[in-house]
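S.K.: This structure is in structure tokens; I'll ask about it shortly.
The values are calculated or read from the model by the stated rules, or taken from the named source; none is laboratory data. Remember, predicted model here, so these are calculated numbers, not experimental data. Ideal geometry is used to build each Cβ from the backbone, glycine not excepted, and the neighbour counts take in all protein chains shown.
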Amino acid sequence: MGALLALHPVTAGRSPFPDDLPPSTSGPTSLAFSPDGRRAAVTLADNNSVAVIDTATRRLVAEIPTGGAQPDGLAFLSASQLLVSNQYDGTASLLDVSAKKSISRVRLPGGPAGVVIDLRANCAYIAVSHLNQVVRLGLPRLEERGRITVGRRPLRMELSADGTLLFVAGSQDGSVTPISTTSFTSLEPIQLTGINVRGLSLAPGGTTAYATGQI
């Protein structure tokens, strides 16, 4: 049993407690918002599906099978399309939110995890954790455009605001590898003091990054 929690700021006449959304989900892992903010999508690893939620009504509007096993990372291409990685069977699925189905799937053996979309370059980046690689896929056909080696067990990634750098966190060695998206080459890794790095986020302005891990 799992739940998605919607957290509200404390305001007059409104409960500060989180809403439990939606009921009866199973194994929620990653969360992404549509470009217009009207939809939230959550990977349900135990259900092999993605839950899509209306952010205004906070209601479940669809649960879409990914066609793969143990979905993990996800990102919106548009308000109507999602790209999802399926860790257990080594695939990535393109989902049509309106049709509530998978419309294409590509093989990515090696435990695909984090997903980042760069619409300016019409490509997606997926961390392949067991191979210590990042794969670049063309959109919307999901054709492979290259691979690059990064730190050990990459799980999460962040794209800079201008799209020129992709930051990849190595969960096992505590590294963050910057990748030039223009040349698709890795730059000098940043070594953190911790390990088990599972969260990575760029602050507004793009000059500071924050990572979560164990020290």
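S.K.: Within the group Gly73, Gly68, which residue is at pLDDT 90 or above and assigned to a loop (DSSP other than H, G, I, E, B)?
M.R.: Just one listed residue meets the conditions, Gly68.
S.K.: Kindly provide the set of residues from region 91-118 that are over 15 Å from the mean Cα position of the chain (by Cα) and outside any strand (DSSP E or B), ordered by number.
M.R.: Answer for region 91-118, where residues must be over 15 Å from the mean Cα position of the chain (by Cα) and outside any strand (DSSP E or B): Val97, Ser98, Ala99, Lys100, Leu108, Pro109, Gly110.
S.K.: Right, here's the next one. With the checklist (1) surrounded by 18 or more Cβ atoms within 10 Å (Cβ to Cβ); (2) on the phi > 0 side of the Ramachandran plot in hand, flag the one item Gly146 doesn't pass.
M.R.: (1)
S.K.: Moving on. Could you grab me the full set of residues in region 177-191 that are closer than 13 Å to Arg152 by Cα and outside any strand (DSSP E or B)?
M.R.: Scanning region 177-191 gives a single hit, Pro189.
S.K.: Can you spot a residue in region 193-202 that is surrounded by fewer than 20 Cβ atoms within 10 Å (Cβ to Cβ), at pLDDT 90 or above, more than 18 Å from the chain's Cα centre (by Cα) and at negative phi?
M.R.: No, region 193-202 has no match at all.
S.K.: Find the residue count for region 152-176, including only residues that are assigned to a loop (DSSP other than H, G, I, E, B), under 18 Å from the mean Cα position of the chain (by Cα), among the small types (Gly, Ala, Ser) and farther than 30 Å from Asp96 by Cβ.
M.R.: Total satisfying the criteria: 1.
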